[in-house]
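The values are calculated or read from the model by the stated rules, or taken from the named source; none is laboratory data. Bear in mind that the values here come from a model prediction, so they are computed numbers and not experimental data. Ideal geometry is used to build each Cβ from the backbone, glycine not excepted, and the neighbour counts take in all protein chains shown. When the accessible area is computed, the model is the full protein with side chains, heavy atoms only, and any ligands, DNA or RNA have been set aside. Shrake-Rupley method; radii C 1.70, N 1.55, O 1.52, S 1.80 Å.
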Amino acid sequence: MPKELRIEPDGFRLDGEPFRIISGGLHYFRVHPEQWADRLRKARLMGLNTIDTYVPWNLHQPRKGGELDLTGILDLPRFLDLAAAEGLHVLLRPGPYICAEWEGGGLPSWLLAEPDIRLRTNDPAYLAAVEHFFQALLPAVTPHLATSGGPVIAVQVENEYGAYSDDTGHLRRIADLLLAGGIDVPLFTCDQPGDLARGALPGVLATVNLGSRAATGLAALRAHQPQGPLMVTEFWNGWFDRWGGVHVVRDAAGAAAELDAILASGASVNLYMFHGGTNFGFTNGANDKHTYRPTVTSYDYDAPLDEAGDPTPKYAAFREVIARHAPVPDEPAPQPAKKLSALGVTLDRTAPLLAQAPLLGQAVAGPRPLTMEELGQDFGFVLYQAQLPAPGPAVLTLDAVRDRAQVFVDGQPAGVLEREGHEPALAFTVPRAGARLEVLVENQGRVNYGQALHDRKGLLGEVRLDGEVLRGWTSRPLPLTPADLERLEFAAAVGPVVGPAFHRGVFDVETPADTHLDLAGWTKGNAWVNGFPLGRFWSRGPQTTLYVPAPVLRAGANEVVVLELHAAARTTVALRESADLGPVEE
């Protein structure tokens, strides 16, 4: 028999019985699929009865009008089946906008190829894309609704819309698309206390997001919604990190006390996060409140389960709190998993990026540089090339860098311009007429929150040399997918490498286990193990290791590839048992 959730004036009911949602955030797309079952089991053992997940539109539908990708780490139906097998309900949050400190807030980059598009509005171009997405996604979801015997008991409409706009008509349109697609379980919205009036939708359950002062936040929710269940959809029990910052942590005892206050009030709750996971590859988002701040690769979030899925002090503290208010399984708490260590892994083969760029992407000619979106590209880099007209001192001025530009003249580094530092100009000497100018631009993550969502990448606008517009460009997309990397031609390293280069090495593993790739001594770039994209590293910190899931490894020989964007100061990496996510704030 299906277990249907009902919203009554006095609270939730499941199959007619009073029910309290005790949930935790676990994003399937941030966890290796072979580890989903382990994380779900640990959720149940902590006392959770529900799992909450977003759905990232940009990964599921990476091309406009394209088919939905439900394979591998994006196999949402399999994830829902595993949750059901563990006896867990699911809160599904399909967006289309999800925030989540995720690239572009989950909105696909191809939307931004339309110059005048207005995201998260009733703009016909935007709504047509959303409708197509839901028409592709919802048939894969509806068999898993509680009304069909599945685990999904409720579905969210948009996400924290009150922090962005107050267009109730847009929220109604999104809700209508969900209903038309067969969603017949309760809908809900979520907003911070001060945004409830702007982000709520009449006739739909409103919930609140908060990290502290639970009594005040729940009182604001009750004032806005005089009857019905009280629910904290995001209880921020930790936080995320940004490059150049510190590793943010929250005291377990203090977080547990706040959770106790929420549950003591009779409210339902979703922990954000129960298990954060990882922004694998190029998937991290960014914030931009006058200064651009990209999020790091780790999404550890100082959660009850750490990035490698091991219990933290919060796991035990939260389990104890939950046991005061609801049944907790009479089973031992999970123990940390075995880890792998290997020191001094030598990367003895190299492939210079600038020289081998033609193997990685097709150049497009034009009078000006093209943005990533104009090139049909979502993640990675763009390599721009032009000729410099005359020798001598010169000043290069870029209208807008999105987000970090490395400048080369005849293959030699000339400097770096960063969006974060608001640096528009660079001085250098042109060695000869017709010298080759190359500008390698990295998309460090599209903004995921606020009015800066329309975050196009690459070189925007014109490029000027000594005040004159420079014409005659080629723009070469370098998405650096695992398939792209297979085309690289590595050779034995001979002397120091100038400029960006891929470095490859092999290490042996007897029994695969979780580990952490230590990149201390390297400067900036990305790393892959056996073709799996671990994510970005940056000596700016705070994190200096990248999590390597055990299923990525194999018994015997394993390959590691590191893209170093600057001169490599060393030729080795290490695998360590524990993560180094950086110093915490004093």
task: For region 352-414, count all C-alpha to C-alpha pairs, find those more than 17 Å apart, and express that count as a whole percent of the total.
output: 49 percent
query: Under a straight-distance cross-link criterion of Cα-Cα below 27 Å, which lysines are reachable from LYS64, leaving out those fewer than 8 residues away in the same chain?
result: LYS457
message: Quick check for me: using +1 on Lys/Arg Cβ and -1 on Asp/Glu Cβ, what's the dipole size of the chain about its Cα centre, in debye to the nearest 20?
response: 520 debye
- line: On the formula 1/(1 + (r/R0)^6), with r taken between the Cβ atoms of ALA363 and GLU559 and R0 of 30 Å, the FRET efficiency rounded to 0.05 is 0.60
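If packing is taken as the average count of other Cβ atoms within 10 Å, what order do 149-157, 175-183 fall into, highest mean first?
Top of the packing list down: 149-157, 175-183.
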- request: Quick one: work out Rg over Rh on the C-alpha atoms of region 22-120, Rh as Kirkwood radius.
  value: 1.03
field: D (Stokes-Einstein, µm²/s), Kirkwood Cα radius, region 209-335, 0.890 mPa s at 25 °C
entry: 154 µm²/s
message: If I model a spin label at LEU460 and GLU114 as a point 7 Å from the Cα along the Cα→Cβ vector, what separation in nanometres do I get?
response: 1.9 nm
message: Is the C-alpha gyration tensor of region 184-252 telling us rounded, prolate or oblate? Criteria: a/c under 1.5 is rounded; beyond that, a/b larger than b/c is prolate, otherwise oblate.
response: prolate
- prompt: What translational D, rounded to a whole number of µm²/s, comes out for region 239-281 from Stokes-Einstein when the hydrodynamic radius is the Kirkwood one over Cα pairs, at 4 °C and 1.567 mPa s?
  reply: 102 µm²/s
task: Could you give the size of the charge dipole of region 408-451 about its Cα centre, using +1 on the Cβ of each K and R and -1 on the Cβ of each D and E, expressed in debye and rounded to the nearest 20?
output: 140 debye
message: Along the charge dipole of the chain, pointing to its positive end and built from +1/-1 on Cβ of Lys, Arg, Asp and Glu, which listed residue (PRO367, TYR384, PHE134) has its Cα farthest out?
response: PRO367
Relative contact order [Cα under 8 Å, 6+ residues apart], region 107-161, whole percent: 13 percent
- prompt: Considering only the chain, what is the antiparallel percent among its DSSP beta bridges, to the nearest 5?
  reply: 75 percent
- prompt: Just from its helices, what would the mean residue ellipticity at 222 nm be for the chain, if runs of 4 or more DSSP H residues each count -39500 (n - 2.57) and the sum is divided by every residue, rounded to the nearest 500 deg cm²/dmol?
  reply: -5000 deg cm²/dmol
- prompt: So what's the angle, to the nearest 10 degrees on a 0 to 90 scale, between helix 214-224 and the longest Cα principal axis of the chain?
  reply: 70 degrees
query: Hey, how many Å between the Cα centroid of region 444-474 and the Cα centroid of region 378-393?
result: 13 Å
- line: Of the candidates ALA326, SER578, GLY521, the farthest towards the positive dipole end of the chain (Lys/Arg Cβ +1, Asp/Glu Cβ -1, centred on the Cα centre) is GLY521
task: Enter the angle in degrees (range 0 to 90, nearest 10) between the Cα long axis of helix 168-180 and the first principal axis of the Cα atoms of the chain, meaning the one along which they spread out most.
output: 80 degrees
message: Give me the percent relative contact order of the chain, please, defined on Cα pairs under 8 angstrom at least 6 residues apart.
response: 15 percent
field: Per residue, in Å², the accessible surface of region 518-586 once ligands and nucleic acids are set aside, probe 1.4 Å
entry: 37 Å²
query: Using alpha-carbon positions, what is the distance between the centroids of region 264-325 and region 130-154, in Å?
result: 25 Å
statement: ALA567 and ASP251 label points (each 7 Å along its Cα→Cβ direction) are spaced in nm at 4.7 nm
query: Efficiency by 1/(1 + (r/R0)^6): what FRET value for ALA483 and GLU585, r their Cβ-Cβ distance, R0 = 56 Å, to the nearest 0.05?
result: 0.85
task: Go ahead and run the numbers for FRET between THR216 and LYS289, Cβ-Cβ distance against an R0 of 22 Å, rounding to 0.05.
output: 0.35
- line: Log10 I(q)/I(0) at q = 0.14, 0.18, 0.28 Å⁻¹ for region 309-370, from Debye over equal alpha-carbon scatterers, is -0.67, -0.85, -1.21
message: Restricted to Cα positions, what overall size does region 432-583 have along the principal axes? Three whole-Å values, descending.
response: 59, 45, 31
statement: The helix 36-46 Cα axis meets the longest alpha-carbon principal axis of the chain at an angle in degrees, between 0 and 90 and rounded to 10, of 40 degrees
field: Whole-number accessible area per residue in Å² for region 80-182, which is evaluated in the context of all protein chains at 1.4 Å
entry: 29 Å²
Within the accessible area of the chain (1.4 Å probe), percent carbon and sulfur: 53 percent
message: Quick check for me: using +1 on Lys/Arg Cβ and -1 on Asp/Glu Cβ, what's the dipole size of region 33-163 about its Cα centre, in debye to the nearest 20?
response: 300 debye
field: Residue-normalised accessible area of region 278-361, expressed per residue, 1.4 Å probe, Å²
entry: 40 Å²
